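Taking it in order: structure first as structure tokens, then the write-up.
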Amino acid sequence: MRVLVTGGAGFIGSHIVDALLARGHQCAVVDDLSSGSPANVAQGVPLYELDIRDAARLSRVFAEFRPEAVCHQAAQMSVSRSVREPVFDAEVNAIGLLNVLGAAHQSGAKQFVFASSGGVLYGDVATPADEEHPADPISPYGITKWVGERYLQFYAREFGLFCTALRYANVYGPRQNPHGEAGVVAIFCKKMLAGESPTINGDGKYIRDYVYGPDVAQANARALERTTGPGFAAYNIGTAVPTDVNELAAGLREHCQRLLNDARSKSVIPQPQHGPARAGDLRSSIVSAAKAQRELGWTPSVSIRDGLRQTAEWFAAHSAK
Ligand SMILES: NC(=O)c1ccc[n+]([C@@H]2O[C@H](COP(=O)([O-])OP(=O)(O)OC[C@H]3O[C@@H](n4cnc5c(N)ncnc54)[C@H](O)[C@@H]3O)[C@@H](O)[C@H]2O)c1
């Protein structure tokens, strides 16, 4: 299948490209490189450097590549930027999505997969939320993810496009950008491998569901290959395993210290510091992926311990870059 991956030079998108190539699909990437990097894109995969807000250029790329399926990962993905700049958020995450959906439909693509978010849709949940949990987004970023799903429903109903929304939990792993505000694992790895102590917001007792990027890529591949079931479907993609930020920091500190020792560094990573709590942070966010297991045959394969180790090793190997 010819699959066009928007945001394919980013963290999750580049793992999706790798997973699709391994499954024998052909890929092209659309990315404006605002946070992604050409270095993430597998060799031989065409990279079209463009902004999804540019509908005319997008149409030309679709006409040239003629994708049978589209995997839409490109997004403005900062919650705080969406609060500061809700118009920009809507331009990229709502209008940009509509441009991609329109181009997919016009060029005859049959499948469409969209990166949605469990955390921003479900809000604070102490037990794993399923897909029936009421959506109540409070940030502009959450609102555009919710609206995005509604647009997918519209395209499925009106034009017969096979549409899937994957509601990710907290995704982490190799290639995650350590410079953004999200991506606590990447941020902590970078700090700890420099022998420094990260700052944990508040008391650190913030429960999250951490799912490994390459596992999320497999879920996307399965969703793109979905040919049965309703025209629109939403699936949670997470582990249902609760981990708080203090546990996460302790696990990473162990892996990073071992890597520093292996590199004959004399640095001893100090215990993490606690800073002020961040306004609006959810206390607990965790999803059930039972539906994805039942209908897509997807389950996460990498435990948090192994995932943190592999991520720390990747950051150690790429720390000079
Ligand atoms: N990382 C998470 O924990 C998480 C959780 C829930 C949902 N998501 C969603 O998953 C998707 C991928 O996120 P990620 O973590 O890989 O982030 P990322 O920043 O690594 O990837 C996003 C990619 O989109 C590109 N991009 C941004 N704006 C663009 C535009 N206007 N035109 C073209 N390309 C553009 C960036 O350059 C980048 O390569 C996003 O839609 C995000 O909202 C991520």
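Derivation of every value follows stated rules applied to the coordinates shown; laboratory data play no part. Because the structure is a prediction, the values reported are computed rather than measured. Note: ideal-geometry Cβ built from the backbone for every residue, glycine included; neighbour counts use all protein chains shown.
Quick one: Cα convex hull volume of the stretch 186-321, Å³ per residue?
Convex hull of Cα atoms, per residue: 126 Å³.
DSSP beta bridges confined to the stretch 195-321 are antiparallel in about 40 percent of cases. Rounded to the nearest 20, the size of the Cβ-charge dipole of the chain about its Cα centre is 480 debye, with Lys and Arg at +1 and Asp and Glu at -1. Across every direction, the projection of the convex hull enclosing the Cα atoms of the chain has a mean area of 15.3 nm². The long axis of helix 140-159 is offset from the longest Cα principal axis of the chain by roughly 30 degrees.
The angle between the Cα long axis of helix 55-65 and the main principal axis of the chain comes to about 80°, on a 0 to 90 degree scale.
Of the DSSP beta bridges with both residues in the chain, give the percent that are antiparallel, rounding to the nearest 5. Around 5 percent antiparallel, to the nearest 5.
Spin-label model, S59/H274: points 7 Å from Cα along the beta carbon direction are separated by 5.7 nm. Separation of the stretch 10-80 and the stretch 254-293, taken as the distance between their Cα centroids, equals 29 angstrom. Placing unit charges on the Cβ atoms of the charged side chains and taking the dipole of the chain about its Cα centre, the candidate lying farthest along the positive direction among N261, G96, G275 is N261.
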